[in-house]
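Report on one structure; see the data block that follows.
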Amino acid sequence: MTGFRTLLYKEILRFWKVSFQTVGAPVLTSVLYLMIFSHVLDKHVQVFDGVPYTSFLVPGLVMMSILQNAFANSSSSLIQSKITGNLVFVLLPPISYREFYAAYVLASMFRGAFVGLGVALASLIFVTLPLAAPGWILAFALVGGGILGSLGVVAGIWAEKFDQLAGFQNFLIMPLTMLSGVFYSIHSLPDVWQTVSHFNPFFYMIDGFRYGFFGQSDVSPWRSLGIVVVCFAFVAGLTLNLLSRGYKLRG
Amino acid sequence: MTAAAIRICGATKRYGDLRALDGVDLEIAEGEFFGLLGPNGAGKTTLISALAGLVRADAGTLEVMGHDVVRDYRKARQQLGVVPQELVFDPFFTVREALRIQSGYFGIRNNDDWIDEILANLDLTAKAGANMRSLSGGMKRRVLVAQALVHRPPVIVLDEPTAGVDVELRQGLWQFIRKLNGAGHTIVLTTHYLEEAETLCGRIAMLKAGRIVALDTTANLLARFATHSLKLRLAQPVPALPGSVSLGQGWLEFAIDRYDEVEGRLRQVREAGGEVMEMKLGEPDLEKVFVGVMQSA
Ligand SMILES: Nc1ncnc2c1ncn2[C@@H]1O[C@H](COP(=O)(O)OP(=O)(O)O)[C@@H](O)[C@H]1O
Ligand SMILES: [Mg+2]
């Protein structure tokens, strides 16, 4: 257990030492989104009854921060270690692939949670946030962070160069998070796009997470949780399989 | 059976058509100071990587202190300390942080007493609080050695630890490694400095294209493949003498097995009318052995 705990500690320390970039910068970005969108749209858009647009926006932004930062943490840590070669320090000790997986994903979830919490706290300057069902907030934050942390491990192992990783991030993660209903309810979309959105797992993460705040959502939170948990099981299984075979790590 | 520190049977590793390891069999006993020599690309690093679990052999078995490196990887890795060939470091941490973290990976908490001892022996005490980024290449190399030792591994493998390291540092490093060997640690070393291997290693394996082409004690290798040489510069040329080779500019070389043959050779030269102006005695060295083995293999 000490091996696992040390790797987790090291992964947390790694982003914490540069928290200005890894936590501060994403919080600032989200707050800027919030200020601009709310200023432009608050008077024109209402998604849920009795919920001002700015309030509606906050949970989506928080969840987006959790997801993107969970992904960024494991993927950037792994690719940096691979490119500089210092991943040997982790590969030489008697650390099992399950411990390796757990440490990288948990650290990613921590980073996501830190940033998400930062965004939520900063948003309190502008809005008041209800907490209709906090258990859902926690559940979706955990599972969502776990999925993206795992995807980050996959991307970090697979990518051999920084631009391959950037491609993964820009052409897969970013569009899926952006098109998941962070900025709108999918009921405001044309039918076709509503249908398409239902195939996007990120939609369920955000929708369920938002339910925890307002007690309202596009689909039932149970259904969202079910889908998200199945996704997590799939991604975790894939990642563990790659790790157990030493794919691209133990030649 | 007494435990071998390292036991390798039929280790094979292919990269496409290339056989980086082509059926390597090797057994290294506990307490040995062992040299693994070979030209670039011979497969030394691949063999070490297979032993450390960084690379999976396609065939064959590898054991460290009796533990299979795949099936029983936890125990095998706990017994093994590897100093990698590449000069790698984690720029996020100081020297002490790096060593504490490495200890933790091996399941050891509160390792500061041993860390301090390693730092002192490697002349790194003053750098304990320095960030890894700020260290010179030689310093980084020493930290790599320190990281390989945090868990007091009975078997220590050093892959070209002195490449690009200045003479003074090399001396200090070898002193420490010898001390560890004296305390019972098995040492396996690869190096391009053949004099280094000659003075340090009790036994040597030479690798070429993934195969072991020579394996013996250093003394036997020197005796088997290399001879002493006697070089003489003569005042004027003499008719060709049996057993001699002309090196040009008046120099003549005799291959001899022992020093007591010198007197006979000198007499031979005098009798042929030669007058000796200068004389050099060459000892057998590993360089000659190495060149000889590589050519004949
Ligand atoms: N990951 C790899 N992919 C392809 N070829 C490799 C890889 N690693 C090593 N090789 C090849 O295997 C051979 C042995 O390399 P190596 O073990 O590094 O030799 P040495 O350490 O003796 O210089 C070389 O021809 C090298 O190019
Ligand atoms: Mg090498």
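Laboratory data are not the source of any read-out in this text; all were calculated from the coordinates shown. Bear in mind that the values here come from a model prediction, so they are computed numbers and not experimental data. Neighbour counts run over all protein chains shown; Cβ positions are idealised from the backbone, glycine included.
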Q.
Using a Gaussian network model on chain A with a 10 Å cutoff between Cα atoms, which of A:Pro134, A:Pro201, A:Pro94 fluctuates the most?
A. A:Pro94
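Let me spell out the model: positive unit charges on the Cβ of Lys and Arg, negative unit charges on the Cβ of Asp and Glu, origin at the Cα centre of segment B:227-296. What dipole size does that give, in debye rounded to 20?
Details: 8 positive and 11 negative charges, 34 e Å.
The dipole of segment B:227-296 has a size of about 160 debye.
Count the DSSP beta bridges whose two residues both fall in the protein assembly as shown, then state the antiparallel fraction as a percent rounded to the nearest 5.
Values: 39 of 56 bridges.
In the protein assembly as shown, DSSP labels about 70 percent of beta bridges as antiparallel.
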(Q) Just want the answer: with Cβ charges of +1 for Lys and Arg and -1 for Asp and Glu, which residue in A:Tyr184, A:Gly145, A:Leu242 is farthest toward the dipole's positive end in the protein assembly as shown? (A) A:Tyr184
Q | Packing-based exposure ordering (other Cβ within 10 Å, fewest first) of A:Cys231, B:Cys9, B:Cys201 | A | B:Cys9, A:Cys231, B:Cys201
**Q.** Fraction in percent of alpha-carbon pairs per bin - 10 Å, segment B:227-296
**A.** 20, 50, 23, 7
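Report, in listed order, any pair from B:Lys75/B:Lys140; A:Lys82/B:Lys179; B:Lys44/B:Lys231; B:Lys127/B:Lys288 with a Cα-Cα distance greater than 30 Å. Numbers along the way, then the final one.
Working: B:Lys75/B:Lys140 28 Å; A:Lys82/B:Lys179 34 Å; B:Lys44/B:Lys231 36 Å; B:Lys127/B:Lys288 41 Å.
The pairs that break the limit, which is 30 Å between Cα atoms, are A:Lys82/B:Lys179; B:Lys44/B:Lys231; B:Lys127/B:Lys288.
What order do you get for B:179-189, A:63-73, A:120-130 when each peptide is scored by the mean count of other beta carbon atoms within 10 Å, highest first? Please report the intermediate quantities before stating the final value.
Details: B:179-189: 17.8, A:63-73: 28.4, A:120-130: 14.5.
Answer by packing, highest mean first, reads A:63-73, B:179-189, A:120-130.
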Q. Taking springs between alpha-carbon atoms closer than 10 angstrom, which of B:Thr125, B:Thr46, B:Thr12 fluctuates most in the Gaussian network model of chain B?
A. B:Thr125
Q: Just grab the label-to-label distance for B:Lys75 and B:Ala255, each label 7 Å out from Cα along the Cβ direction, in nm (one decimal).
A: 4.9 nm
Q: Per DSSP H run of at least 4 residues, take -39500 (n - 2.57); add these up for chain A, divide by its residues and hand me the 222 nm value, nearest 500 deg cm²/dmol.
A: -23500 deg cm²/dmol
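Counting only other chains, and only Cβ atoms inside 10 Å, what mean value do you get across the residues of B:84-95?
Counting Cβ atoms of other protein chains within 10 Å of each residue's Cβ and averaging gives 4.
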Q. Counting partner chain Cβ atoms within 10 Å of every residue's Cβ in B:75-83, what's the average?
A. 2
Q: Name the residue, out of B:Gly31, B:Gly248, B:Gly53, whose mean-square fluctuation peaks in a Gaussian network model built on chain B with Cα pairs under 10 Å.
A: B:Gly248
Q) Per residue of A:242-251, how many C-beta atoms from partner chains lie within 10 Å of its own C-beta, taken as a mean? A) 2
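Based on Cβ point charges of +1 for Lys and Arg and -1 for Asp and Glu, what charge dipole magnitude is obtained for the protein assembly as shown about its Cα centre, in debye rounded to the nearest 20?
Values: 48 positive and 46 negative charges, 178 e Å.
Computed charge dipole of the protein assembly as shown: roughly 860 debye.
Looking at chain B, what % of its DSSP beta bridges pair antiparallel, to the nearest 5? Walk me through the intermediate numbers first.
On the way: 39 of 56 bridges.
Taking every DSSP beta bridge with both residues in chain B, the antiparallel ones total about 70 percent.
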Q. To one decimal place, what Kirkwood hydrodynamic radius in Å is obtained for the protein assembly as shown from all pairs of distinct Cα atoms?
A. 27.5 Å
**Q.** Peptides A:19-31, B:150-162 ordered by average Cβ neighbours within 10 Å, highest first
**A.** B:150-162, A:19-31
